[in-house]
Amino acid sequence: ERIAAALQRRHADPVRSWKISDLAMEAALSRSAFFDPFTRTVGLRPMEYLQAWRMALAKNLLRSDAIALDEVARRVGYGSASTFSTA
């Protein structure tokens, strides 16, 4: 339940620059108490999941909308098209 709460907040705000400590706080856990249960439950470390989620959102935007790459980058939480392209 706590991991789900953190994921729900993360999914609700994809543009936010999330840190593990932010996700842990959403789950009402310490950073160290959050990391292992998250990884076991989700199958990825928190920041790996964050990047995978952003890329999934970007993939959908690129497929469904005729928007510029820099706008896709902004919508999924990257500061620039260059940073997004590198990721």
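Values quoted throughout were computed directly from the atomic coordinates according to the rules given, and no laboratory measurement underlies them. Note that the coordinates shown come from a computational prediction; the quantities given were computed from them, not determined experimentally. Every residue, glycine as well, gets a Cβ built from its backbone with ideal geometry; the counts of neighbours run over all protein chains shown.
With runs of 4+ DSSP H residues as the only contributors, calculate the mean residue ellipticity of the chain at 222 nm using -39,500 (n - 2.57) per run, divided by the residue total and rounded to the nearest 500.
Values: 6 runs with 62 residues, N = 87.
Dividing the helical sum by the residues of the chain leaves -21000 deg cm²/dmol.
How tilted is helix 46-64 with respect to the longest principal axis of the chain? Cα atoms for both, answer in degrees (0 to 90, nearest 10).
Helix 46-64 sits roughly 30 degrees off the main axis of the chain.
Enter the angle in degrees (range 0 to 90, nearest 10) between the Cα long axis of helix 2-12 and the first principal axis of the Cα atoms of the chain, meaning the one along which they spread out most.
20 degrees
Treating the beta-carbon of each Lys and Arg as +1 and of each Asp and Glu as -1, no other charges, what is the dipole magnitude of the chain about its Cα centre, to the nearest 20 debye?
It works out to roughly 80 debye.
Could you give me the ³J(HN,Hα) list for the range 65-77, computed from phi with Karplus coefficients 6.51, -1.76, 1.60 and θ = phi - 60°, whole Hz, x at Gly and Pro?
Karplus values, whole Hz, x for Gly and Pro: 10, 9, 10, 5, 4, 5, 6, 4, 4, 4, 5, 9, x.
For ASP22, what is the net charge nearby, where nearby means another residue's Cβ is under 12 Å from its Cβ and Lys, Arg count +1, Asp, Glu -1?
Every neighbour counted, the sum reads +3.
Pairing the Cα long axis of helix 31-42 with the longest principal axis of the chain, what angle in degrees results, from 0 to 90 and rounded to the nearest 10?
Result, in degrees: 70.
Using 0.36 nm per residue of separation minus the Cα-Cα distance, give me the extension gain between ALA81 and ALA5 in nm, one decimal.
So the chain would gain 24.4 nm between ALA81 and ALA5.
Which trypsin sites (Lys or Arg not before Pro) does the range 1-53 hold that lie in a coil by DSSP with at most 15 other beta carbons within 10 Å?
ARG16, LYS19
FRET efficiency for ARG31 and ALA56, Cβ-Cβ distance as r, R0 = 30 Å, nearest 0.05? Intermediate results must be reported in sequence, preceding the final value.
Values: r = 25 Å, r/R0 = 0.83.
Efficiency, from the Cβ-Cβ distance: 0.75.
What is the packing order of peptides 72-78, 56-62, taking the mean over residues of other C-beta atoms within 10 Å and listing the highest first?
72-78, 56-62
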